Amino acid sequence: MKSKLPHTETSIFAVMSGLANKHNAINLSQGFPDFKVSQELIDLIYKKMNDGKNQYAPMPGVLELRIALAEKINKLYALQVDPETEITITAGATQALFTAITAFIGIGDEAIIFEPAYDSYAPAVKLNGGIPKYISLDAPNFKIDWNQVKDLISDKTKMIIINTPNNPGGFVFEKEDMKRLEEITSDTNIVVISDEVYEHIIFDGFEHQSALKFPDLYQRTIAVYSFGKTFHATGWKMGYVVTPENLMKEFRKVHQFNVFCVNTPIQYALAEYLKDENNYLSLPKFYEGKRDYFVKELDTSKFKVIPTHGTYFQLLDYSLISDKPEFKFAQWMTIEKGLASIPVSSFYHNKKNQQILRFAFPKEEKTLDKAIEILKKI
Ligand SMILES: Cc1ncc(COP(=O)(O)O)c(C=O)c1O
């Protein structure tokens, strides 16, 4: 049997969480909240189940939910999208990404990926016979040189994948970045995938620069979102995509055969829950508080704090402590010190080592307190 992904190993998230469980370590590796989902939302789902909303949903999603999302998009990003033709509800962002990549990448097509990158992008490109072309961004600023992007574009370039706010980098795209992307891709057939799963987790006065805010760029964009990130419910695997009708037609051709439709009662519940904008507009402040809580005492530690302006991940540089490579240091810290994190090198195809670890802070204060204590003693 010939492997279609010969160089792909078990995901680092499974590896580090497994190690954390084995050694009873505090797990700040995988990015999921350890606090409760809104009781109101849970009650709504229960109600929808009792109301009989338990059978297949329409293929593109429950229309009430798509209408609620179109209103939200109009309010936040001043873009009018047609809920019938421009929004599809997916089984989380990962399915949305895979479906979008499969719909547009074929054998020999190139996709530009900025690293550090979420781990599903490149395998999805490769499984479709495509070729990832990497642009490596460096800590601590992860600045994109758009001239380098321009130079990498060729006749074979079919896709550019961006992610803002960025996991694991914690950086955000500024308006100028989006303008450059818009300009570089105008008059091309390149499809832009804009992974915006952390759209509401952004701090320090930064505004989320959604691709939906740039009308020309939107014409060639598939924007990807995750309810799991926004409503502290990563285990529900619910998300959606927004894209113009011509691209959506192709997206749905694949969507209907890899999942067809997704969880019905949750869709009806979300349609109602979204009516109160406070349910998502309160997020930046909430997570900024968590970020500040996590880093406030780390000034007295030997770790260097790399600024995080978005997402719920904090990068810490340990170069003053050890010259071990990232995976070895993360392993040592989990086994010997009882704190699990993710080596940032695992977000680069060439495992670039910058002596940085990623810590997830969507955790209760008591969990963060324990982690802070450990970090201060290393
Ligand atoms: C950048 C990014 N994109 C996509 C996803 C996947 O989201 P979902 O859990 O909705 O599939 C994640 C989850 O960690 C992520 O960090």
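Any read-out appearing in this document is the output of simple, stated calculations on the displayed coordinates, not a laboratory observation. These numbers come from a predicted model, not from an experiment. Here Cβ is always computed from backbone atoms with ideal geometry, including for glycine, and neighbour counts include all displayed protein chains.
Overview of values
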read-out: Residue exposure sequence - Leu63, Leu44 - by fewest surrounding Cβ within 10 Å; value: Leu63, Leu44
read-out: Karplus-derived HN-Hα couplings along the range 71-83 (A = 6.51, B = -1.76, C = 1.60, θ = phi - 60°), whole Hz, x at Gly and Pro; value: 5, 4, 5, 5, 5, 7, 10, 6, 10, 8, 10, 8, x
read-out: Glu84 long-range amide H proximity, modeled H, under 5 Å; value: none
read-out: Set Lys47/Lys253; Lys213/Lys237; Lys133/Lys253; Lys328/Lys377; Lys237/Lys324; Lys156/Lys351 screened for pairs whose C-alpha atoms are more than 29 Å apart; value: Lys47/Lys253; Lys237/Lys324
read-out: Relative contact order [Cα under 8 Å, 6+ residues apart], the range 55-279, whole percent; value: 29
read-out: Magnitude of the charge dipole, the chain, Cβ model with Lys/Arg +1 and Asp/Glu -1, debye to 20; value: 1140
read-out: Measure of compaction for the range 55-279 (Cα Rg per 2.2 N^0.38 Å); value: 0.96
read-out: As computed over the chain, the Cα convex hull volume per residue (Å³); value: 145
read-out: Fraction of beta bridges assigned by DSSP in the chain that are antiparallel (%, nearest 5); value: 50
read-out: For Gln355, distant residues with modelled amide H under 5 Å away; value: Glu326
read-out: Sum of -39500 (n - 2.57) over DSSP H runs of 4+, divided by residues of the chain (222 nm, nearest 500); value: -11000 deg cm²/dmol
read-out: Residue-count net charge about Glu183 - beta-carbon cut-off 12 Å; Lys, Arg +1, Asp, Glu -1; value: -2
read-out: Amide H contacts of Glu115 (H built 1.01 Å from N, under 5 Å, at least 5 apart or other chain); value: Ile135, Ser136, Leu137
read-out: Table column - 3J(HN,Hα) (Hz), the range 204-218, Karplus curve with 6.51, -1.76, 1.60, x for Gly and Pro; value: 6, x, 6, 9, 5, 8, 5, 4, 6, 7, 10, x, 6, 4, 4
